[in-house]
């Protein structure tokens, strides 16, 4: 994904956070959807979603309808809904169905990556993870022995799956390392 695409995903999620006053923890998806009359959310009746799909989004001139699989775990439903909201906000095509990535052409796979990044940033932004981590853990870059414990704790706090939180926490640590490394490098250069 090119940097501008990533920036757009993060910026859109950040706009929503500011607009609804999100300060961390479990993102209030239902509250957000109440503020967005152009979004409609419905549990998909059996047989409506294609085999293996978690959700589908249809967009028309009135807005976007997100159908989701109500039999999936709540954490997966939340991520899937946020993913479909990402499609609605970032892409202009009329319909999206969450499908296995390996079956997609490159352009569609890129859109799926963008929707995933948007969902991750909406539900568990780096700044909220930073606030939720213990200071000593943060300052030491995350102890490997404690990593899975933090994943479990944060996944529960943000109401996302452990798999999603593991990926986002790895991104957070990389971002923090890179950011601190760049600052340290800049300081060394000035000496």
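Read the figures in this text as sums done on the coordinates, not as results from a lab. These numbers come from a predicted model, not from an experiment. Neighbour counts run over all protein chains shown; Cβ positions are idealised from the backbone, glycine included.
If R0 is 25 Å, what FRET efficiency do you get for residue 19 and residue 153 from their C-beta distance, rounded to 0.05?
On the way: r = 28 Å, r/R0 = 1.11.
It comes to 0.35.
For residue 6 and residue 48, what does the FRET efficiency come to when R0 = 35 Å and r is the distance between their Cβ atoms, rounded to the nearest 0.05?
With R0 = 35 Å, the Cβ-Cβ based efficiency is 0.60.
With each label point set 7 Å from Cα along the Cα-Cβ vector, what nm distance links residue 131 and residue 174?
Here the answer is 2.5 nm between the modelled labels.
So between residue 60 and residue 162, what do we pick up on full extension, going 0.36 nm a residue minus the alpha carbon distance?
Gain in length upon complete extension: 33.3 nm.
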